[in-house]
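Take a look at the structure below.
The values are calculated or read from the model by the stated rules, or taken from the named source; none is laboratory data. If you're wondering where the values come from, they're calculated on a predicted model, not measured in any experiment. Because the Cβ atoms are built from the backbone with ideal geometry, glycine has one as well, and the counts that use them run over all protein chains shown. Ligands, DNA and RNA are excluded from the accessible area calculation, which covers all protein heavy atoms including side chains. Shrake-Rupley method; radii C 1.70, N 1.55, O 1.52, S 1.80 Å.
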Amino acid sequence: MDNISLEESKKYLPIGSVVLLKNGIAMYMIAGYMHENDDGKINEYVSIPYPYGLMALEALYFFNHEDIDTVISLGYKDKDYEIINQMLLNYKK
């Protein structure tokens, strides 16, 4: 398993990236960005359990970049990823 350094990754990991969170044993695959919950809190990432996938909507898990301990696998990156990544970075400013 080739772990990717968070310092080497861009601020927002691409869709499909698999991560291990701090104090966690389960892996999650990033499936989306910027989820606002019922009390107005915004989480940077929307994810699903890996390798199980989305078996129920209750399985969605939300977290922020600082919650990531290890990037197990980096998702696909192309020019569209670069555009959305820049939009997300600008959104947080």
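Mind listing just one residue for me: the one in segment 58-82 that is without any contact (Cβ under 8 Å) to a residue 40 or more places away in the chain and more than 14 Å from Ser47 (Cβ to Cβ) and, of those, nearest to the chain's Cα centre (by Cα)? Only one residue fits best here, namely Glu66. Taken together, Ile42, Ile83 contain a single residue that is at negative phi, open to solvent by 50 Å² or more (accessible area, probe 1.4 Å), among the β-branched types (Val, Ile, Thr) and touching a strand residue (DSSP E or B) at 6+ places or on another chain (Cβ under 9 Å), which is Ile42.
For Asn37, the conditions (1) open to solvent by 20 Å² or more (accessible area, probe 1.4 Å); (2) polar (S, T, N, Q); (3) at pLDDT 95 or above are fulfilled apart from (3). In segment 17-34, which residues are part of a loop (DSSP other than H, G, I, E, B), exposed (fewer than 15 other Cβ atoms within 10 Å of the Cβ) and at pLDDT 90 or above? Passing the criteria: Lys22, Ala26.
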